[in-house]
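Below is one structure; the comments refer to it alone.
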Amino acid sequence: MKFEEIKNILSTKTVGIAGAGGLGSNCAVSLTRIGIGKLIIADFDVITESNLNRQYFFHDQIGLKKVNALKENLLRINPHIEVVPIDEKLNSQSIAFNFGECDVIVEAFDGAEMKKMIIEAVNDFFPEIPLVSAMGMAGYGDSNNMKVVKFDNLYVCGDMVNEVTETMPPIAPRVCIAANMQANVVLRILLNQY
C-alpha cells in the first residue's frame with residue numbers, strides 16, 4: 001500500500017491516548033506523522049525538567065500542561081490533524097465519557113494500578129475497541145526482547161519484565177521503542193492487518 005493510500009485511510013480515524021508522558025507523547029508524534037485524523041489525548045500533569053529525557057516536549061515548555069503543549073507540538077508537525085486535549089486525571093467513568101468515539105485506544109500510563117483501571121474500563125464499556133498497552137520498557141538494556149503480545153482485543157508492547165525502579169529508570173531509547181511499537185500496532189489495526 002502506498003503512503004498516500006495509508007494517509008487517506010488514517011485521516012478518517014480517531015485514536016484516544018490516555019497519558020501524555022513518555023509513551024503517550026511519542027506515540028502521538030508517530031501517529032501524527034503518518035496522518036491520523038484525530039487524537040483525543042488525556043493527561044492532568046505539567047511538564048517538568050525530568051520529563052525531557054523521554055517525553056516529546058521542549059525546555060521552554062516546562063511548567064505547561066502536557067496536553068496543551070503536546071497539541072501545539074503535534075500541530076507544528078501536521079497542521080491538519082485534530083487534537084482534543086483533555087486536562088484531567090482519568091478514571092473509569094471519564095474513560096467511558098471521553099473515548100467512546102475512538103477506533104483504537106492507547107494506554108500510556110506510568111503505574112500498574114492505572115493500567116489495570118483502563119484495561120478494565122475499556123473491557124467494560126468498549127469491548128469492541130482495541131486497546132494498545134505497554135509494559136516492560138525500563139532501563140537501557142537489550143531491546144531485542146521487546147515484542148507485541150495479543151490477548152483478544154488487548155495488545156501489550158514491551159518486554160513484560162523490566163519495570164521502572166530507581167536503578168531501572170524510564171529513559172528515551174526503550175520508552176520510545178515501546179511508544180513506537182504502540183503506534184505501529186495502532187497502524188496495523190487501522191489498516192486491518194491484525
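Readers should treat all values here as calculations from the given coordinates under stated rules, not as data from a laboratory. This is a predicted model, so every value here is computed, not measured. Here Cβ is always computed from backbone atoms with ideal geometry, including for glycine, and neighbour counts include all displayed protein chains.
Within 10 Å, count the other beta carbons around each residue, average over each peptide in 124-135, 3-14, 29-40, and list them highest first. Write down the numbers at each step before the final one.
Details: 124-135: 18.7, 3-14: 13.7, 29-40: 20.5.
My ranking of the peptides, most packed first, is 29-40, 124-135, 3-14.
If I require 18 Å or longer along the helix axis, counting alpha carbons, and a Kyte-Doolittle average no lower than 0.0, what helices from the chain are left? Use full DSSP H segments.
Flagged H segments are 112-125, 172-190.
List the lysines whose alpha-carbon lies under 22 Å from that of residue 2, not counting same-chain residues fewer than 8 positions away?
Qualifying lysines at Cα under 22 Å: 13, 38.
With runs of 4+ DSSP H residues as the only contributors, calculate the mean residue ellipticity of the chain at 222 nm using -39,500 (n - 2.57) per run, divided by the residue total and rounded to the nearest 500.
-11500 deg cm²/dmol
For residue 150, list the lysines whose Cα falls under 21 Å from its own Cα; do not include residues on the same chain fewer than 8 positions away.
Here the lysines satisfying the reach criterion relative to residue 150 are 115, 116.
Among 43-56, 97-110, how do they line up by average Cβ neighbours within 10 Å per residue, starting with the highest?
97-110, 43-56
If you restrict to DSSP beta bridges whose two residues both lie in segment 3-190, what percentage is antiparallel, to the nearest 5?
25 percent
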